[in-house]
Amino acid sequence: MQRKVKKISDYIGFRAFLVVVLALIGIVQFLFMESSVREDTYEIRELQLATETIRSPKTVIDEQKTEQDRALAAEQVQPVYTLDESIAKNQAARVDSFFGYIIETITNSDDEATEEEKLVALRERLTQVDEANLTFRFTDEQLKLFLRQSIVELESSRALLSSMVTELLSEPIREQQIASYQSRIEQNVRAQAMFPADMLNVLVVMARTAIIETEVYNEEMTKARRQQAKNLVEETRILQGQVIVQEGERITAEMYRQLTLLGLTEHQSNVRVFIGVITLTLIQLMILFVMFGRWQAPNAKKQNAIVIVFLVYTLALTLLKILSILDDQFTLQLAFLFPTALVAMLLRLLINEKVGFIVSVLIAASAGLMFNAQLGAIVYVEIVLYILFSSIVSLLILRATEKSSHILRACITVSAMNIIYVFFYLVMTQSSYGMKELIFYATAAIVSGVGSGALTIGLLPFFESAFGILSTMRLIELSNPNHPLLKKILTEAPGTYHHSLMVANLADAACEAIGADGLLARVGCYYHDIGKTQRPNYFIENQMGKNPHDDLPPDESARIIIEHTTYGAELLAEHKMPKEIIDIALQHHGTSELKFFVYKAKELGIDVADAQFRYPGPKPQTKEAAVISIADSVEAAVRSMKEPTPEKIRDLVQSIIRDRLTDHQFDECDISLKELKMMTEVFCETLNGIFHSRIEYPKG
């Protein structure tokens with residue numbers, strides 16, 4: 001599969017390949033999610049007999065019914081009237097003013113003035129006040145009665161009426177109560193025996209006219225109380241599982257309205273569902289596109305990673321879809337059976353931690369949407385958090401070496417985490433659960449964790465084989481001393497075997513310091529000199545006696561030495577070793593020059609062709625290959641030193657790195673000067689520990 005992926009990617013270009021695979025992910029996700037959230041519709045019409053019982057598939061708020069109930073509650077609130085205390089004062093003041101005008105007219109009139117003249121003067125005075133707003137309107141005869149009274153009698157009448165009007169108008173009087181209060185004040189006036197009958201009649205007219213409505217409509221308070229009544233009405237909900245219409249029942253307009261609100265009528269489309277799902281899908285695809293676009297890795301590695309993400313994504317969505325279909329048939333939440341840590345662990349082992357986390361988040365979001373149907377919610381938040389927490393825990397556990405035992409340990413931890421989360425879920429739902437439900441959810445949590453590990457262990461070999469992936473587990477297997485090739489080196493070239501172990505220690509420590517793959521570097525070192533097994537005695541670490549190169553021309557010696565990289569690569573390929581290990585065997589000398597044989601050739605007067613005394617390469621393409629190339633040279637050089645000291649070791653390490661830089665050996669890998677400096681410190685520290693001075697004990 002790896003070759004097919006590379007062939008397709010090379011043909012259409014990496015970016016186009018990325019878009020195509022992401023489009024496939026989007027199609028799969030859209031189909032699975034859309035089918036999960038889309039609701040079934042019915043061929044029904046108003047007044048038609050229902051052919052089956054229809055229940056609400058979700059809980060929704062019936063806004064129309066809610067508004068109707070609130071409007072009814074507001075209508076039942078009576079208008080609010082409030083007492084206007086100023087009315088009593090104003091009406092009493094009018095009574096008082098009227099008597100004042102009469103007294104003023106009498107006082108200002110001449111003693112010889114006739115009754116008619118006084119009446120004309122009073123009429124003029126009343127007109128001046130504001131004829132349109134006069135409270136009391138009397139006939140000429142009635143006004144003459146007032147003019148015939150003495151000042152004392154008028155003052156007495158004024159005080160009496162003002163007091164009565166003030167007293168009665170201090171009470172709340174509605175329009176419909178005016179007649180009743182007019183009767184009361186009339187009785188009070190007629191009870192005064194001090195006035196003659198004709199004067200009482202005039203005073204009664206004035207008193208009845210003074211009685212008006214004292215309570216006025218308070219629009220602001222009425223609105224506030226009606227709004228308060230509305231607020232007290234709770235939202236009307238159509239509950240999930242609620243029967244809307246029974247089989248054989250005639251569908252009323254209200255039933256049809258509820259069915260339409262639930263999206264169950266045939267004429268309604270799922271446009272909103274379509275738009276929502278396509279939007280979420282596009283957001284997730286955009287995240288994946290940015291993630292792969294910013295990932296600094298060779299295209300070949302990214303090609304495999306993209307297809308792996310597609311396969312894992314599809315697998316996870318398929319499992320979620322199966323569980324969501326089964327979920328509809330059970331009252332228990334089967335979503336908790338989903339292997340929550342599967343995506344995180346698989347992608348952590350096959351690609352890296354970052355990809356595992358991001359894809360787990362996207363899968364969690366998809367799961368929340370796919371299981372939302374039973375809840376009537378947009379997203380099933382509980383399952384989202386369930387997957388996220390398990391994924392994070394598994395990623396934290398699988399940080400270093402990932403043997404099967406480590407995966408199983410992660411499974412146990414995830415299962416424990418799942419049980420804790422399920423307990424939290426049951427408590428937060430505030431529902432009562434029987435022993436059956438508790439046992440199911442606890443079992444589901446354990447199955448989820450163990451299933452994640454079992455599927456991970458079962459699927460890893462498939463992905464590694466199909467994509468030629470060098471996983472941590474595969475590297476650990478290759479580091480086993482019982483591997484046939486390592487046994488071959490040990491038996492045929494023991495010096496090379498020891499040298500490889502020393503280089504492995506140096507390279508591993510340096511890679512850890514600069515953030516490269518230390519395990520890959522270590523295993524690569526074990527096999528990097530496998531080609532020396534072809535002619536082990538031609539390499540100094542395996543020589544016990546005479547050096548065969550002493551009897552060979554320099555160009556022949558150079559050919560034999562150079563050959564160990566290409567022969568080693570061929571041997572590794574024959575044993576189907578990972579490409580990364582083969583590349584290290586080819587690249588650990590880069591295109592460097594065999595200076596010893598160049599000098600020897602020049603001493604012998606032989607013409608030196610540059611290509612004849614240089615390794616064919618390629619130059620190191622990765623940080624791991626660059627580290628190994630330096631570690632290989634450093635270990636051999638320090639081992640040949642007669643009296644190594646920290647100063648000599650540091651000078652030697654710096655000299656070797658400087659020569660490699662000058663020779664442009666690191667031009668094709670992304671190693672920095674800062675990282676080379678860090679490597680120098682690690683090499684010096686490690687070598688000082690290996691080649692420290694020993695105490696010389698006295699003989700005898």
Tilt, helix 554-574 to longest principal axis of the chain (alpha-carbon atoms), in degrees rounded to tens, equals 50
Interchain or sequence-distant (5+) residues whose placed amide H lies within less than 5 Å of the amide H of Val245 are Ile54
Once Gln187 and Glu117 are pulled to full extension, the length gained, defined as 0.36 nm per residue separation minus their Cα-Cα distance, is 21.8 nm
Neighbour-count ranking for Asp111, Asp84, Asp632, Asp529 (other C-beta within 10 angstrom, fewest to most) reads Asp111, Asp84, Asp632, Asp529
Given backbone amide H placed at 1.01 Å from N, residues whose amide H is under 5 Å from that of Arg237, ignoring those fewer than 5 places away on the same chain, are Asp62
For Lys58, the lysines lying under 29 Å Cα to Cα, once residues fewer than eight places off in the same chain are dropped, come out as Lys230, Lys321, Lys436
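Quick check on my link table: of Lys7/Lys674; Lys487/Lys648; Lys532/Lys619, which ones sit more than 25 Å apart, alpha carbon to alpha carbon?
Working: Lys7/Lys674 37 Å; Lys487/Lys648 35 Å; Lys532/Lys619 20 Å.
Correct reply: Lys7/Lys674; Lys487/Lys648.
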Length-normalised contact order of the chain, Cα under 8 Å, at least 6 apart, in percent, tallies to 13
Output ordering of 645-652, 363-370 (per-residue mean of other Cβ within 10 Å, highest first) is 363-370, 645-652
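Which of the three applies to the stretch 500-655, rounded, prolate or oblate, going by the alpha-carbon gyration tensor with a ≥ b ≥ c and a/c under 1.5 meaning rounded?
Values: a/c = 1.71, a/b = 1.26, b/c = 1.36.
Oblate shape, in that a/c is at least 1.5 and b/c is the bigger or equal ratio.
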Cβ density ranking, 10 Å radius, fewest first, applied to His589, His575, His483, His549 yields His575, His483, His549, His589
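Quick note: the coordinates plus some simple rules give every number you see, no bench work behind them. Model, not experiment: these values are computed from the prediction. Using ideal geometry, Cβ is built from the backbone for each residue, glycine included, and neighbour counts are taken over all protein chains shown.
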